[in-house]
Amino acid sequence: MTFGEQPAYLRVAGDLRQKIVDGSLPPHTRLPSQARIREEYGVSDTVALEARKVLMAEGLVEGRSGSGTYVRERPVPRRIARSGNRPASGATPFRQEQAEELVRGTWESSSEQSEASGAVAERLGIKAGDRVMCTKYVFREAGEAMMLSTSWEPLAVTGRTPVMLPEEGPLGGMGVVERMRGIDVIVDNVTEEVGARPGLAEELLALGGVPGHVVLVVHRTYYASGRPVETADVVVPADRFRVAYHLPVR
(Lines give C-alpha, C1' and ligand atoms only; values in the text may rest on other atoms or scores of the structure.)
Protein backbone atom coordinates (compact mmCIF):
# COMPACT_ATOMS: atom_id res chain seq x y z
CA MET A 1 0.00 0.00 0.00
CA THR A 2 1.48 3.35 -1.06
CA PHE A 3 1.69 6.35 1.27
CA GLY A 4 -1.69 8.03 1.66
CA GLU A 5 -3.68 5.09 0.25
CA GLN A 6 -6.54 3.89 2.43
CA PRO A 7 -6.91 0.25 3.46
CA ALA A 8 -9.52 -1.59 1.36
CA TYR A 9 -12.04 -1.88 4.22
CA LEU A 10 -12.00 1.91 4.77
CA ARG A 11 -12.56 2.55 1.06
CA VAL A 12 -15.54 0.20 1.06
CA ALA A 13 -16.90 1.72 4.29
CA GLY A 14 -16.45 5.20 2.82
CA ASP A 15 -18.45 4.35 -0.29
CA LEU A 16 -21.27 2.79 1.74
CA ARG A 17 -21.21 5.75 4.12
CA GLN A 18 -21.65 8.15 1.21
CA LYS A 19 -24.64 6.15 -0.02
CA ILE A 20 -26.19 6.43 3.43
CA VAL A 21 -25.51 10.17 3.62
CA ASP A 22 -26.86 10.97 0.14
CA GLY A 23 -29.96 8.81 0.63
CA SER A 24 -29.11 6.02 -1.79
CA LEU A 25 -29.37 3.75 1.26
CA PRO A 26 -32.20 5.41 3.24
CA PRO A 27 -33.03 4.65 6.89
CA HIS A 28 -34.39 1.15 7.59
CA THR A 29 -32.88 -0.17 4.33
CA ARG A 30 -31.03 -3.44 4.66
CA LEU A 31 -27.30 -3.04 4.12
CA PRO A 32 -25.88 -5.21 1.32
CA SER A 33 -24.91 -8.61 2.66
CA GLN A 34 -21.31 -9.55 3.25
CA ALA A 35 -21.39 -11.70 0.10
CA ARG A 36 -22.86 -8.82 -1.94
CA ILE A 37 -20.20 -6.40 -0.68
CA ARG A 38 -17.50 -8.93 -1.52
CA GLU A 39 -18.80 -9.33 -5.06
CA GLU A 40 -19.59 -5.67 -5.75
CA TYR A 41 -16.26 -4.32 -4.52
CA GLY A 42 -14.06 -7.28 -5.37
CA VAL A 43 -12.79 -7.70 -1.83
CA SER A 44 -12.36 -10.57 0.59
CA ASP A 45 -14.86 -11.63 3.26
CA THR A 46 -12.55 -10.17 5.88
CA VAL A 47 -12.56 -6.74 4.18
CA ALA A 48 -16.35 -6.82 3.78
CA LEU A 49 -16.80 -7.71 7.44
CA GLU A 50 -14.43 -4.98 8.62
CA ALA A 51 -16.23 -2.39 6.47
CA ARG A 52 -19.54 -3.32 8.10
CA LYS A 53 -17.93 -3.08 11.54
CA VAL A 54 -16.77 0.47 10.75
CA LEU A 55 -20.30 1.55 9.85
CA MET A 56 -21.67 -0.05 13.01
CA ALA A 57 -19.05 1.67 15.17
CA GLU A 58 -20.00 4.99 13.56
CA GLY A 59 -23.63 4.41 14.49
CA LEU A 60 -24.80 4.47 10.87
CA VAL A 61 -26.13 0.91 10.82
CA GLU A 62 -27.42 -1.56 13.37
CA GLY A 63 -27.65 -5.34 13.45
CA ARG A 64 -31.02 -7.02 13.90
CA SER A 65 -30.89 -10.58 15.19
CA GLY A 66 -31.73 -13.08 12.49
CA SER A 67 -32.53 -10.35 9.97
CA GLY A 68 -29.35 -8.59 8.94
CA THR A 69 -27.84 -5.12 9.19
CA TYR A 70 -29.96 -2.03 8.56
CA VAL A 71 -29.36 1.69 8.10
CA ARG A 72 -30.27 3.57 11.26
CA GLU A 73 -32.58 6.57 11.42
CA ARG A 74 -30.32 9.58 11.91
CA PRO A 75 -31.75 12.15 14.33
CA VAL A 76 -31.47 15.84 13.53
CA PRO A 77 -29.14 17.26 16.22
CA ARG A 78 -30.71 19.73 18.63
CA ARG A 79 -28.96 22.50 20.53
CA ILE A 80 -28.08 22.52 24.19
CA ALA A 81 -27.27 26.14 24.92
CA ARG A 82 -24.81 27.01 27.65
CA SER A 83 -23.80 30.39 29.01
CA GLY A 84 -21.63 31.89 31.73
CA ASN A 85 -24.41 34.39 32.43
CA ARG A 86 -26.56 33.04 35.23
CA PRO A 87 -29.89 34.51 36.38
CA ALA A 88 -29.70 36.51 39.59
CA SER A 89 -32.16 34.10 41.20
CA GLY A 90 -34.31 31.10 40.49
CA ALA A 91 -31.69 29.13 38.58
CA THR A 92 -33.18 25.66 38.76
CA PRO A 93 -30.87 22.74 37.90
CA PHE A 94 -32.39 22.47 34.42
CA ARG A 95 -31.89 26.20 33.78
CA GLN A 96 -28.40 25.92 35.22
CA GLU A 97 -27.53 23.29 32.62
CA GLN A 98 -29.53 24.64 29.68
CA ALA A 99 -29.34 28.38 29.07
CA GLU A 100 -31.98 28.48 26.33
CA GLU A 101 -34.86 30.56 27.71
CA LEU A 102 -37.55 28.82 25.65
CA VAL A 103 -36.59 25.33 26.75
CA ARG A 104 -38.63 23.82 29.55
CA GLY A 105 -37.74 20.53 31.10
CA THR A 106 -37.89 18.34 34.15
CA TRP A 107 -35.27 16.54 36.16
CA GLU A 108 -34.85 13.74 38.64
CA SER A 109 -32.11 13.71 41.25
CA SER A 110 -30.63 11.79 44.14
CA SER A 111 -27.93 12.85 46.61
CA GLU A 112 -25.65 10.94 48.93
CA GLN A 113 -22.45 11.56 50.84
CA SER A 114 -19.36 9.85 49.48
CA GLU A 115 -15.58 10.04 49.45
CA ALA A 116 -13.92 12.09 46.72
CA SER A 117 -12.06 10.05 44.14
CA GLY A 118 -8.60 11.18 43.12
CA ALA A 119 -9.93 12.88 39.97
CA VAL A 120 -12.76 14.66 41.79
CA ALA A 121 -10.46 15.69 44.63
CA GLU A 122 -8.03 17.25 42.16
CA ARG A 123 -10.82 19.28 40.56
CA LEU A 124 -12.10 20.45 43.95
CA GLY A 125 -8.67 21.16 45.43
CA ILE A 126 -9.21 18.74 48.31
CA LYS A 127 -7.67 15.42 49.37
CA ALA A 128 -8.74 12.08 47.94
CA GLY A 129 -11.13 10.51 50.42
CA ASP A 130 -12.47 13.83 51.72
CA ARG A 131 -16.22 13.82 52.16
CA VAL A 132 -18.36 15.28 49.36
CA MET A 133 -22.04 15.46 48.55
CA CYS A 134 -22.61 13.63 45.26
CA THR A 135 -25.81 14.44 43.36
CA LYS A 136 -26.90 12.66 40.19
CA TYR A 137 -29.41 14.18 37.77
CA VAL A 138 -31.36 13.00 34.75
CA PHE A 139 -32.70 15.90 32.67
CA ARG A 140 -35.67 15.38 30.37
CA GLU A 141 -37.27 17.43 27.62
CA ALA A 142 -40.79 16.38 26.61
CA GLY A 143 -40.17 13.16 28.55
CA GLU A 144 -37.00 12.27 26.62
CA ALA A 145 -33.78 11.84 28.60
CA MET A 146 -31.41 14.39 27.06
CA MET A 147 -28.68 14.95 29.60
CA LEU A 148 -27.07 13.43 32.70
CA SER A 149 -25.15 15.31 35.36
CA THR A 150 -23.17 14.18 38.39
CA SER A 151 -22.02 16.93 40.74
CA TRP A 152 -19.76 16.94 43.76
CA GLU A 153 -19.63 19.59 46.49
CA PRO A 154 -17.06 19.50 49.31
CA LEU A 155 -18.77 19.04 52.66
CA ALA A 156 -16.05 21.27 54.11
CA VAL A 157 -18.01 24.06 52.40
CA THR A 158 -21.64 22.98 52.63
CA GLY A 159 -21.63 20.42 55.47
CA ARG A 160 -24.02 21.19 58.34
CA THR A 161 -25.52 24.14 56.47
CA PRO A 162 -29.07 24.59 55.10
CA VAL A 163 -27.78 23.96 51.55
CA MET A 164 -25.94 20.71 52.18
CA LEU A 165 -28.51 18.82 50.08
CA PRO A 166 -28.83 20.54 46.67
CA GLU A 167 -32.49 19.61 46.20
CA GLU A 168 -33.74 20.08 49.76
CA GLY A 169 -33.97 22.89 52.29
CA PRO A 170 -34.93 26.56 51.79
CA LEU A 171 -32.87 26.91 48.60
CA GLY A 172 -33.35 23.38 47.28
CA GLY A 173 -33.30 23.24 43.50
CA MET A 174 -32.14 26.85 43.06
CA GLY A 175 -28.75 26.12 41.49
CA VAL A 176 -25.17 26.40 42.73
CA VAL A 177 -24.78 30.20 42.61
CA GLU A 178 -27.96 30.95 44.55
CA ARG A 179 -27.39 28.21 47.10
CA MET A 180 -23.80 29.19 47.80
CA ARG A 181 -24.84 32.81 48.20
CA GLY A 182 -27.22 31.61 50.93
CA ILE A 183 -24.21 30.58 53.04
CA ASP A 184 -22.18 33.70 52.16
CA VAL A 185 -20.06 31.93 49.54
CA ILE A 186 -19.98 34.16 46.46
CA VAL A 187 -19.42 32.28 43.22
CA ASP A 188 -17.51 34.53 40.84
CA ASN A 189 -16.20 32.21 38.13
CA VAL A 190 -17.09 29.03 36.25
CA THR A 191 -15.03 26.95 33.85
CA GLU A 192 -16.15 24.27 31.40
CA GLU A 193 -14.06 21.80 29.44
CA VAL A 194 -15.74 19.82 26.66
CA GLY A 195 -14.56 16.44 25.44
CA ALA A 196 -15.93 13.27 23.86
CA ARG A 197 -15.69 9.56 24.65
CA PRO A 198 -17.66 6.34 24.17
CA GLY A 199 -20.65 6.32 26.49
CA LEU A 200 -20.59 4.04 29.51
CA ALA A 201 -23.17 1.26 29.49
CA GLU A 202 -25.20 2.80 32.32
CA GLU A 203 -25.11 6.24 30.67
CA LEU A 204 -26.37 4.94 27.33
CA LEU A 205 -29.07 2.91 29.07
CA ALA A 206 -30.33 6.06 30.81
CA LEU A 207 -30.11 8.16 27.63
CA GLY A 208 -31.62 5.58 25.30
CA GLY A 209 -28.44 5.20 23.27
CA VAL A 210 -26.82 2.26 21.52
CA PRO A 211 -23.66 0.59 22.91
CA GLY A 212 -20.61 2.21 21.38
CA HIS A 213 -22.25 5.59 20.84
CA VAL A 214 -20.19 8.67 21.64
CA VAL A 215 -21.19 11.16 24.33
CA LEU A 216 -20.08 14.73 24.90
CA VAL A 217 -18.80 15.36 28.43
CA VAL A 218 -18.68 18.83 29.95
CA HIS A 219 -16.43 19.12 33.02
CA ARG A 220 -17.80 22.15 34.88
CA THR A 221 -16.38 23.75 38.02
CA TYR A 222 -17.68 26.72 40.03
CA TYR A 223 -15.23 28.89 41.97
CA ALA A 224 -15.55 31.38 44.81
CA SER A 225 -12.47 33.62 45.14
CA GLY A 226 -10.39 30.93 43.42
CA ARG A 227 -11.68 28.08 45.58
CA PRO A 228 -13.62 25.29 43.80
CA VAL A 229 -17.00 24.88 45.49
CA GLU A 230 -18.69 22.50 43.04
CA THR A 231 -17.64 20.39 40.09
CA ALA A 232 -19.79 18.31 37.75
CA ASP A 233 -19.72 16.01 34.75
CA VAL A 234 -22.51 16.79 32.28
CA VAL A 235 -23.09 13.99 29.74
CA VAL A 236 -24.94 14.55 26.45
CA PRO A 237 -25.56 12.04 23.60
CA ALA A 238 -23.44 13.35 20.72
CA ASP A 239 -25.67 11.93 17.96
CA ARG A 240 -28.71 13.87 19.16
CA PHE A 241 -27.37 17.13 20.53
CA ARG A 242 -24.83 19.89 19.90
CA VAL A 243 -23.50 22.03 22.73
CA ALA A 244 -23.68 25.76 21.88
CA TYR A 245 -22.06 28.50 23.95
CA HIS A 246 -23.10 32.13 24.43
CA LEU A 247 -19.85 34.03 24.98
CA PRO A 248 -20.03 37.73 25.88
CA VAL A 249 -17.80 40.12 23.94
CA ARG A 250 -15.73 42.26 26.28
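The values are calculated or read from the model by the stated rules, or taken from the named source; none is laboratory data. It should be emphasised that the depicted structure is a prediction, and the values quoted were computed from it without experimental measurement. Here the Cβ is made from the backbone with ideal geometry for all residues, glycine too, and neighbour counts use every protein chain on show. Note: accessible area is taken over every heavy atom of the protein model, side chains too, but ligands, DNA and RNA are not part of it. Shrake-Rupley method; radii C 1.70, N 1.55, O 1.52, S 1.80 Å.
Computed values, structure above
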quantity	calculated
Dipole-positive endmost among 146, 191, 117 within the chain (Cβ charges, Cα centre)	146
Rounded tilt (10° steps) of 45-57 against the dominant C-alpha axis of the chain	30 degrees
Between 0 and 90°, nearest 10: helix 8-21 axis offset from the chain longest Cα axis	70 degrees
Förster radius 25 Å - calculated FRET efficiency between residue 15 and residue 78 (Cβ-Cβ, nearest 0.05)	0.25
Paramagnetic reach from residue 122 in the range 185-208 [backbone N under 19 Å; point 7 Å along Cα→Cβ]	191-198
Partner lysines for residue 19 [C-alpha distance under 21 Å; skip if fewer than 8 residues away on the same chain]	53
Zone of residue 46's modelled label, taken as backbone nitrogen in the range 11-25 under 13 Å from a point 7 Å along Cα→Cβ	none
Net length gained if the chain between residue 196 and residue 36 were fully extended (0.36 nm per residue, minus Cα distance)	54.1 nm
Computed magnitude of the charge dipole of the chain (debye, nearest 20; Cβ of K, R +1, Cβ of D, E -1)	400 debye
Environment charge of residue 164, counting only residues whose C-beta is closer than 14 Å and scoring Lys/Arg +1, Asp/Glu -1	-2
Separation in nanometres of the label points that stand 7 Å from Cα toward Cβ, at residue 247 and residue 53	3.9 nm
Local electrostatic count, residue 13, Cβ distance below 10 Å [Lys/Arg +1, Asp/Glu -1]	+1
The range 168-250, accessible area per residue, ligands and nucleic acids excluded (1.4 Å, Å²)	52 Å²
Whole-number percent relative contact order across the chain, with pairs defined as alpha carbons under 8 Å at least 6 apart	17 percent
Options (1) 192; (2) 182; (3) 129 - which one matches volume of the Cα convex hull per residue in Å³ as calculated here	(1)
Residue 115/residue 219 FRET efficiency (R0 22 Å; Cβ-Cβ; nearest 0.05)	0.65
Gain on full stretching of the segment that runs from residue 22 to residue 188 - 0.36 nm per residue minus C-alpha separation	55.0 nm
